[in-house]
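Below is one structure, written out as structure tokens, with a few remarks after it.
The values are calculated or read from the model by the stated rules, or taken from the named source; none is laboratory data. If you're wondering where the values come from, they're calculated on a predicted model, not measured in any experiment. Reconstructed Cβ throughout: ideal geometry from the backbone, glycine too, with neighbour counts over all protein chains shown. The protein model used for the area step is the full one, side chains on, heavy atoms only, and it has no ligands, DNA or RNA in it. Shrake-Rupley method; radii C 1.70, N 1.55, O 1.52, S 1.80 Å.
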Amino acid sequence: GLAVWAALAGGDDRLWPGAAPRAFVAKAAPRTIRLGELAEVVLQPGSELAFRHWRADEARFALARGTLVATVAPPPAVRPGFFVVDVPDGRVVDRGCRFELTVRDDGGAYVRVTEGAVSFGGEAREVVVPAGAGAEASGGRAGTPVFDDASAALRRVVRLYDEALAAGDRDRRIDLAQKLAAVCQRPRDTLPAWHLLRDPDGTVRKIATEVLFSIAGAPDGAARLERAYSADAWLAHLRVAVWPGGG
């Protein structure tokens, strides 16, 4: 009770390893919580955040409602995966970055990354969101992320694909993968195409691979697509060579 009272009253908003769980509520003004020199969380007015723990391997929070802006020191100061924020429909895992996270009244969440990248997802699906992109989560499932400047046509196909994925509709996903291939025209359009590499259906993955090769080239610079590359190999290639400033 004293911890909650201190949080509501303002109190000391600096945390330390091994600190006891406590609540933070931002009322009329933003509230800043610091983890030493490792991370800073700015809680926006009308928001509620719970601090769970700060262990050697992890610092964990839970955003119940409202919006926060988190800034986490890049590696090697903070290893990827150390800073975690739970939301009702999933979890955001920092990969060395700055991001804004919102939990809506219906429990759905939206994350937008401005530096680095995060992993975002729930029990059903996890996605990678690089700088300059955003993603929604609802019903325990993260939606496919797109960059802020994605076309309306690309956003529509991605939304329909996410619905078909949640429904387990293989034929619909194949059709939408083909439509995605038709609207992917710029290097940054490869972000949703990369996520189709994780589709359970081989045909969808094949279409996605062809899209990535046609726009971004092979990860090893090969002139022809003659061998399979892992999703991790494609991701490393895209982050370095195709998404400048995007994670």
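Here the Kirkwood formula, the inverse mean of 1/r across different C-alpha pairs, assigns the chain a hydrodynamic radius of 19.0 Å.
Per residue, how much accessible surface does the range 1-149 expose to a 1.4 Å probe? Answer in Å², no decimals.
Numbers: 6510 Å² over 149 residues.
Here the per-residue accessible area is 44 Å².
Rounded to the nearest 500 deg cm²/dmol, what is the calculated helix-only ellipticity per residue at 222 nm for the chain, with -39500 (n - 2.57) per DSSP H run of length n ≥ 4? After summing the helix terms and dividing by the residues of the chain, the value is -8000 deg cm²/dmol.
Is there a quick way to get the dipole size of the chain? I mean about its Cα centre, with the Cβ of Lys and Arg at +1 and of Asp and Glu at -1; what is the value in debye to the nearest 20? Write out the running numbers ahead of the final one.
Values: 32 positive and 31 negative charges, 18 e Å.
Rounded to the nearest 20 debye, it is 80 debye.
With semi-axes defined as the square roots of five times the eigenvalues of the C-alpha gyration tensor, the equivalent ellipsoid of the range 49-138 measures 19, 15, 11 Å, largest first.
Relative contact order for the chain using alpha-carbon pairs under 8 Å, separation at least 6, rounded to a whole percent? Show your work: numbers first, answer last.
Working: 532 pairs, mean separation 24.6, N = 247.
About 10 percent, as a whole number.
What does the convex hull of the Cα atoms of the range 21-97 come to per residue, in Å³, rounded to a whole number? Numbers along the way, then the final one.
Details: hull volume 6.0 nm³, N = 77.
Normalising the Cα hull of the range 21-97 by residue number yields 78 Å³.
For the chain, with all protein chains in place and a probe radius of 1.4 Å, 53% of the accessible heavy-atom surface sits on carbon or sulfur.
Assigning unit charges at the beta carbon (Lys, Arg +1; Asp, Glu -1) and nothing else, what dipole magnitude in debye, to the nearest 20, does the range 101-247 show about its Cα centre? Please list the in-between numbers first.
Values: 19 positive and 20 negative charges, 59 e Å.
Here the size comes out at about 280 debye.
A 1.4 Å probe, protein heavy atoms only, puts the accessible area of E210 near 90 Å². Quick check on the range 142-231: take the gyration tensor over C-alpha atoms, sort the square-rooted eigenvalues as a ≥ b ≥ c, and tell me if it's rounded (a/c under 1.5), prolate or oblate. Oblate shape, in that a/c is at least 1.5 and b/c is the bigger or equal ratio.
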